[in-house]
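Just below is one structure, and these are the notes that go with it.
The values are calculated or read from the model by the stated rules, or taken from the named source; none is laboratory data. Keep in mind that this is a model prediction, so the values were computed, not measured. Counting neighbours? That spans all protein chains shown, and the Cβs are built from the backbone with ideal geometry, glycine included.
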Amino acid sequence: MTQSVWPNDHAHEDAYEADKPLGDLWCFVVCPARPPEYWDDLFSIISNICTQLGAHLGVTFRCRRAVDIVSAGIIHPEIWRDIHAADLVIADITGSNGNVMFELGVAAAWLDKERVIILREDRPEEPRLFDINPARQIDYARSPSGFQNLANRLIALIQQGITRAPFEQPPRTNLTLPAALDLTKAADGKALWGLPGAHRRILPESGLEFGSLYNFRYSWLSIGNAVVRNVRVKGEFRFSSPLPNPPYPPWMGVMLRSQGYLASSGHLALLRGNGVVAHTQEVPEPNGMRHEDVEIGAIDRFNSLDGAFVPFDISIDENAWTIEIGSVKHVRRITDVPYVFSAGRIVIEGQFCWVCLRKLEVTRL
């Protein structure tokens, strides 16, 4: 690591990411250091929120600030490293402290706006800064109720911010069926659509890796804009990076006739991290519908961490819903399905994991 105090000298150093374990989250808090008793309360609130969210997600969510850096020399390189490697930066601009404004400027240059949260104590006598005013800010009152309101708002914004893992968002390409996609090539990957903010990258030796370790809302891909009723989808997928110690078992699957990303909004066949294969179904009840998983088999000696691809061949038509994942094969007659969705999208998704997908074939039936 260079010892330069200038941020640009550190912008492209790969060493910044080397000591960050997969699954760990980093939050860097930018705020004045003095008086310490004034700012320790704010940092304690943020740190407690990060710890609680980390425990809920089954990961380490580290939170620190410049004053916590212990270095024998100048601390600037470590500040720039922490900002550069942070999943989230929270900056309190109260009082327009010069160091805070400088570090916030560096964060704004390096991170997208969803990963930077700006706080400001509500001081009517303090003018708002013109260049920062258009950015999203949280005003708070320094009181017990004010800090509680701040914590409630921060929880939602932090959860949203940590979904912004590194990603590539390609332009959308319409897909004509039948289609055969390699997915080790960037051009083929453009036919699969997802939300900005989810992890997404092409692994040339493997395929298209996507998903979110922390937020199910960002953990899916739609096969183009195709809306179909009867369709067959073949391919291979694997657990690329399951979340360590997740609050719920990770899974990956294929949903047909999908009306949305939720597991209850289509016909979803899935493989759990323990090798169990299941499908979802909606069960009518007097007051609405109930969603449940139906286990249909298990893959022997399955290990989600070995990086092996699992073949799948899943189809649905007017007669049957056919599911083949690994060694498990199951045929469900449509007349036995409690609730049948009409035409919908084809969605590949996962929970608490990244999914790597390759050799995808899609055919209308």
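Within the range 289-306, the set of residues being over 20 Å from LEU262 (Cα atoms) and either over 24 Å from the mean Cα position of the chain (by Cα) or surrounded by fewer than 12 Cβ atoms within 10 Å (Cβ to Cβ) (or both) comprises ILE296, GLY297, ALA298, ILE299, ASP300, ARG301, PHE302, LEU305, ASP306.
Residues are listed down the side, and each one gets a yes or a no for (1) in contact (Cβ under 8 Å) with a residue 60 or more places away in the chain; (2) outside the structural domain of SER212 (by TED's automatic domain parsing); (3) among the aliphatic types (A, V, I, L, M):
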| site | (1), (2), (3) |
| --- | --- |
| LEU305 | yes, no, yes |
| ASP313 | yes, no, no |
| ILE334 | no, no, yes |
| PHE341 | yes, no, no |
| ILE348 | yes, no, yes |
| PHE352 | yes, no, no |
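Within the range 185-217, being closer than 14 Å to VAL347 by Cβ and of a type in the set (Phe, Trp, Tyr) holds for TRP193, PHE210, PHE216.
Considering each residue of the range 316-365, count those that are of a type in the set (Gly, Ala, Ser) and in contact with a helix residue (DSSP H, G or I) (Cβ under 9 Å, 6 or more places away or on another chain), and give that number.
So the first thing to find is which residues in the range 316-365 are of a type in the set (Gly, Ala, Ser), and the list is 320, 326-327, 342-344, 350.
The next check asks that each one be in contact with a helix residue (DSSP H, G or I) (Cβ under 9 Å, 6 or more places away or on another chain); those that pass are 320, 350.
Residues flagged as of a type in the set (Gly, Ala, Ser) and in contact with a helix residue (DSSP H, G or I) (Cβ under 9 Å, 6 or more places away or on another chain) within the range 316-365 amount to 2.
For the range 82-118, a residue qualifies if it is more than 15 Å from VAL29 (Cβ to Cβ) and charged (D, E, K, R), and the qualifying residues are ASP112, LYS113, GLU114.
Would you confirm whether or not the range 62-79 contains a residue that is closer than 14 Å to ILE162 by Cα, of a type in the set (Asp, Glu) and either assigned to a helix (DSSP H, G or I) or free of Cβ contacts under 8 Å to residues at least 60 places away in the same chain (or both)?
Here is the first cut: in the range 62-79, the ones closer than 14 Å to ILE162 by Cα are 62-63.
Within this subset, residues satisfying the condition of being of a type in the set (Asp, Glu) are none.
No, every residue in the range 62-79 fails to be closer than 14 Å to ILE162 by Cα, of a type in the set (Asp, Glu) and either assigned to a helix (DSSP H, G or I) or free of Cβ contacts under 8 Å to residues at least 60 places away in the same chain (or both).
Pairing each residue of the range 193-212 that is in the same structural domain as GLY253 (by TED's automatic domain parsing) and on the phi > 0 side of the Ramachandran plot with any residue that is at pLDDT 85 or above and aromatic (Phe, Trp, Tyr), provided the two are 6+ apart or on different chains, yields C-beta distances under 7 Å for GLY211/TRP354.
A single entry from ILE117, ILE132 fulfils the requirement of being within 21 Å of CYS63 (Cβ to Cβ) and either assigned by TED's automatic domain parsing to the domain that holds VAL29 or in contact with a His (Cβ under 8 Å, 6 or more places away or on another chain) (or both): ILE117.
Only one residue in ASP306, ASP317, ASP336 is out of contact with any His (no Cβ under 8 Å at 6 or more places or on another chain), more than 26 Å from PRO242 (Cβ to Cβ), acidic (Asp, Glu) and modelled with pLDDT under 95, so which one is that? Break it down into steps so the answer makes sense when it comes.
Numbers: ASP306 fails: more than 26 Å from PRO242 (Cβ to Cβ); ASP317 fails: modelled with pLDDT under 95.
Checking each option against the conditions leaves just ASP336.
Can you work out which of the residues in the range 93-130 that are small (Gly, Ala, Ser) and under 21 Å from the mean Cα position of the chain (by Cα) is farthest from TYR38 (Cα to Cα)? The extreme case among them is ALA108.
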